[in-house]
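K.L.:
I'd like to ask you about the structure that follows.
The values are calculated or read from the model by the stated rules, or taken from the named source; none is laboratory data. Please read these numbers as outputs of a predicted model, since none were measured by experiment. Cβ placement follows ideal geometry from the backbone for every residue including glycine, while neighbour counts extend to all protein chains displayed.
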Amino acid sequence: MKAVRIAAARELLGAARDGLGNTRGNWSVAIGEYETVQKSLAERAEANLNLAMLYQASGRSAEVEGLLRTALKRDPDFYPALVTLVQWLEAAGRGQEAQALLDQGLKDHPEAALLQHSHGLALIRAGRTAQAMPALLRAARLEPQNAQYGYVLAVALHDSGKVDEACLELERLLKEQPANRNARLSLIQYYLENGQEPKAQVLLQGWKKMNMGDPALK
């Protein structure tokens, strides 16, 4: 039972922060147990990342950066910790430091799709969408099975006015994952924008068969 509470706490950290009414006490216990377990695993990079995310969600900001850096000391190739630290620094107004950290990571690991994807997103946040494209494209090609990478690339292409290329990317993604809702609905929209209503109708009818109760169909 304790293990179940700990697993649930990991999934619902955000909910605990937003307010849980009469169940807050129960979740506080579960989150406390989760914290204890992660501290007992402090030699592992993942445990330090988990604690950093817990403290970030609960407002204990002073401890976040140290835990993320400890995670990277435990495992310098633990990309989720690196990306989280980059985002943390960026949000704290330390953009140059964040960029330098990510640049070094990419230099050391140019084939890491997560780092390429994060680099592209960082450039988009900085208003440098055109420069972000190569990194987003590389991430999508390094891990073609990752739907998020392909979808983000398609949206960036569309927002840059490259609607045909965006459609091609979403078509590729849907061949791999026909039930991907975001990709299908976005491709329908892009087809309609591009004057390809018959293609949009085919996709729409296919989606109705797969998911008749989707609110987007109403």
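K.L.:
Kindly establish whether Leu102 is under 30 Å from Lys39 (Cα atoms), among the hydrophobic types (A, V, I, L, M, F, W, C) and in contact with a Ser or Thr (Cβ under 8 Å, 6 or more places away or on another chain). Talk me through it step by step, then tell me what you get.
P.N.:
Numbers: under 30 Å from Lys39 (Cα atoms): yes; among the hydrophobic types (A, V, I, L, M, F, W, C): yes; in contact with a Ser or Thr (Cβ under 8 Å, 6 or more places away or on another chain): yes.
Yes; evaluated as a whole, the condition is true for this residue.
K.L.:
Please give the helices (runs of 4 or more DSSP H) falling wholly within the stretch 1-82 in which 1 or more residues are modelled with pLDDT of 95 or more and loosely packed, with under 13 Cβ neighbours inside 10 Å. Break it down stepwise before answering.
P.N.:
Details: elements: 2-11, 13-18, 24-40, 45-57, 64-74.
The helices (runs of 4 or more DSSP H) meeting that bar are 64-74.
K.L.:
Please pick out the residue among Ala166, Ala179, Ala147 that is hydrophobic (A, V, I, L, M, F, W, C) and buried (at least 19 other Cβ atoms within 10 Å of the Cβ).
P.N.:
Values: Ala179 fails: buried (at least 19 other Cβ atoms within 10 Å of the Cβ); Ala147 fails: buried (at least 19 other Cβ atoms within 10 Å of the Cβ).
Just one listed residue meets the conditions, Ala166.
K.L.:
If I ask for residues that are over 18 Å from Ala135 (Cα atoms) and hydrophobic (A, V, I, L, M, F, W, C), which ones from the stretch 157-167 would you list?
P.N.:
Val163, Cys167
K.L.:
Wholly within the stretch 103-199, which helices (runs of 4 or more DSSP H) include no fewer than the required count, namely at least 2 residues that are within 18 Å of the chain's Cα centre (by Cα), within 29 Å of Pro76 (Cβ to Cβ) and of a type in the set (A, V, I, L, M, F, W, C)? Show your work before the answer.
P.N.:
Values: elements: 113-125, 129-142, 147-159, 163-176, 181-193.
Answer list for the stretch 103-199: 113-125, 129-142, 147-159.
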